[in-house]
Structure formats: structure tokens, C-alpha cells
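Novice: One structure follows; several queries about it will come next.
The values are calculated or read from the model by the stated rules, or taken from the named source; none is laboratory data. Since the model is a prediction, treat every value here as computed from it, not as a measurement. Cβ placement follows ideal geometry from the backbone for every residue including glycine, while neighbour counts extend to all protein chains displayed.
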Amino acid sequence: LALTHELQHMQRRDLQWGLMPALAQHLFFFHPLLRLAVREYAQAREEAVDAAVVGQHGASRHAYGRLLLQLGVAP
């Protein structure tokens, strides 16, 4: 599931699309709404990928959520 998650990012070309908000944030670092927009974009991107992974594999949301927590939280 974790590999599928990363492959979804590649398939959606998230790295390339993520350059635009990063560049805008660098150029307009002083604008508070831009920071909010970049944060919302990142959250929406991850939600879309997670939904695709769960839909593609038919895995339970609970099991996938536990996997993400195990990988994202260091003891």
C-alpha cells in the first residue's frame, strides 16, 4: 500500500505540479493567504492519493490509516 501511495504521486506528477506552489511561496513569502493556499494544496494532494490507493486496492481505510501512522510517527 505504501508503494502504491508513492506510485500514485508519480502517476499524478505531483512533484512537477508541486513546483508551482513552492515557487510562489518563495517569491511571495510575505503573503499570509499564500501560505494557507500552499498548505491546503498539499493536504488535498495527499487526500486524493490516499483515496486512490484505498479505491484501487479495496483495502480497508482502517488498515491503510494504521499503516500511514506506523510509517509517519517515529517512536
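Novice: Quick check on my filter: what residues within segment 49-58 are within 13 Å of the chain's Cα centre (by Cα) and surrounded by fewer than 14 Cβ atoms within 10 Å (Cβ to Cβ)? Steps first, answer last, please.
Specialist: First pass over segment 49-58, keeping only residues within 13 Å of the chain's Cα centre (by Cα): 49-53.
Passing the criteria: only A51.
So that you can scan it fast, the table gives a plain yes or no per residue for (1) in a helix (DSSP H, G or I); (2) basic (K, R); (3) in contact with a Phe, Trp or Tyr (Cβ under 6 Å, 6 or more places away or on another chain); (4) more than 18 Å from H9 (Cβ to Cβ):
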position	(1), (2), (3), (4)
L23	yes, no, no, yes
F30	no, no, no, yes
L33	yes, no, no, yes
A37	yes, no, no, yes
A48	yes, no, no, no
V54	yes, no, yes, no
H62	yes, no, no, yes
L68	yes, no, no, no
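Novice: I've got another one for you. Would segment 23-37 turn up any residue that is modelled with pLDDT under 90, hydrophobic (A, V, I, L, M, F, W, C), touching a helix residue (DSSP H, G or I) at 6+ places or on another chain (Cβ under 9 Å) and surrounded by 12 or more Cβ atoms within 10 Å (Cβ to Cβ)?
Specialist: No, every residue in segment 23-37 fails to be modelled with pLDDT under 90, hydrophobic (A, V, I, L, M, F, W, C), touching a helix residue (DSSP H, G or I) at 6+ places or on another chain (Cβ under 9 Å) and surrounded by 12 or more Cβ atoms within 10 Å (Cβ to Cβ).
Novice: Can you list residue pairs whose Cβ atoms sit under 8 Å apart, with the first residue in segment 1-14 being under 10 Å from A52 (Cβ atoms) and the second being surrounded by 15 or more Cβ atoms within 10 Å (Cβ to Cβ) and among the polar types (S, T, N, Q)? Count only pairs 6 or more apart in sequence or on different chains.
Specialist: As it stands, the answer is none, since no pair meets every condition given.
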